[in-house]
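The block underneath contains the structure these notes are about, expressed in C-alpha cells.
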Amino acid sequence: FQRAYINWIINDYIPISASESNNFRNMISACNNLATIPSRQTIMLEIHSQFLLYKNKLTNLLTNEKVSITIDSWTSCTNQNYDAITAHFIDSEFNLHSILLSCHCHMGAHTAEKIKASIMSTVQSFNLEGNITAMVTDTVANMNSVGQLFNFNHYYCLAHVLELIAKLAFNDMNISNSENVMKAARSLIGLFSSSSQKEEILLRAQG
C-alpha cells in the first residue's frame, strides 16, 4: 500500500500534504483500517530515493547518445523564477525521446550567466559534456546571450519565431496605405473579448 500510495503522489502530482488530511485518512481507514498512510518524511525519503534511481538509469541511457536540449525560463504567479532543461534524442530505431532533466527555482533575475550556470550544473550531473549537439530557446534577449556563451549550435523555437512574424504581419507600419485598418480590427475584437456586456450585444445582433 505504501509503495502504491507514493507512486500515486509522484505520478499524479498530488500534494504531499494529502497524507495529513483527516478526511483522507478516514476514507482510507473506511476501505481498510489496516492500511498505514506514510508520513511526510517517509514520502520525501522515498521520492528522493526514486529520483536517484531514475537519474542513474537516465545517465546510463544518455551516455552514448547525441542530444539536443531545450531551455525555458519563466516567472511564476508568486514571482519565483524557474529554469527547465529538456533533453531530446533519436534512438537506434529512429524513435524520438524527450526527457525533462531538471526544473530549478532560483532567486533574482534571469541573467544569461545564471541560466548558463543552471545549464552547466544539469549537463555535468548527467555526464553530458560533449554529447550536446544543439540548444533551442525562445527569442528573448537573455536567451540570445546564453546561446553566445556555448560552443554548440543555438536555434530559436519555431513557435516563437512565427509569433514574432505574426506580430509584424499585423502591424500597420508594415502595410502601406493601411490607414490603421489592422489596429482598428484588433481594437474591435478586443472590445468584445474583454467585455461580457458588449459580447452579449453582439450575439443578440447576430441572432
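Summary of values
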item	result
Residues located in the stretch 73-97, provided they are within 21 Å of the chain's Cα centre (by Cα), modelled with pLDDT of 90 or more and loosely packed, with under 11 Cβ neighbours inside 10 Å	LEU96
ALA185, sole failed condition from (1) open to solvent by 70 Å² or more (accessible area, probe 1.4 Å); (2) at pLDDT below 85; (3) in a helix (DSSP H, G or I)	(1)
Only one of ALA134, ALA112 that is touching a strand residue (DSSP E or B) at 6+ places or on another chain (Cβ under 9 Å) and under 29 Å from LYS55 (Cβ atoms)	ALA134
Flag if SER21 is open to solvent by less than 80 Å² (accessible area, probe 1.4 Å), farther than 28 Å from MET135 by Cα, free of Cβ contacts under 8 Å to residues at least 40 places away in the same chain and not charged (D, E, K, R)	yes
Failed criterion for TYR155 (all others in (1) farther than 20 Å from THR59 by Cα; (2) part of a strand (DSSP E or B); (3) touching a residue at least 40 places away in the same chain (Cβ under 8 Å); (4) not aliphatic (A, V, I, L, M) hold)	(3)
Only one of ILE47, ILE99 that is touching a Leu at 6+ places or on another chain (Cβ under 7 Å) and more than 29 Å from ILE165 (Cα to Cα)	ILE99
Scope the stretch 153-181; condition surrounded by fewer than 13 Cβ atoms within 10 Å (Cβ to Cβ), among the aliphatic types (A, V, I, L, M) and farther than 25 Å from MET135 by Cα; matching residues	LEU168, ALA169, MET173, VAL181
Residue list for the stretch 122-148, restricted to those being open to solvent by 60 Å² or more (accessible area, probe 1.4 Å) and either within 18 Å of SER102 (Cβ to Cβ) or touching a residue at least 60 places away in the same chain (Cβ under 8 Å) (or both)	GLN124, ASN127, GLU129, THR133
Complete set of residues in the stretch 105-121 that are exposed (fewer than 15 other Cβ atoms within 10 Å of the Cβ), under 24 Å from LYS57 (Cβ atoms) and not aliphatic (A, V, I, L, M)	SER121
Matching helices (runs of 4 or more DSSP H) fully within the stretch 1-72 where at least 3 residues are among the hydrophobic types (A, V, I, L, M, F, W, C), within 24 Å of CYS103 (Cβ to Cβ) and at pLDDT 85 or above	2-11, 40-62
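The values are calculated or read from the model by the stated rules, or taken from the named source; none is laboratory data. As the structure is a prediction and not an experimental result, all values here were calculated from the model. In this analysis, Cβ positions are derived from the backbone assuming ideal geometry, glycine residues included, and neighbour counts consider all displayed protein chains. What goes into the accessible areas is simple: the full protein's heavy atoms, side chains included, and nothing from ligands, DNA or RNA. Shrake-Rupley method; radii C 1.70, N 1.55, O 1.52, S 1.80 Å.
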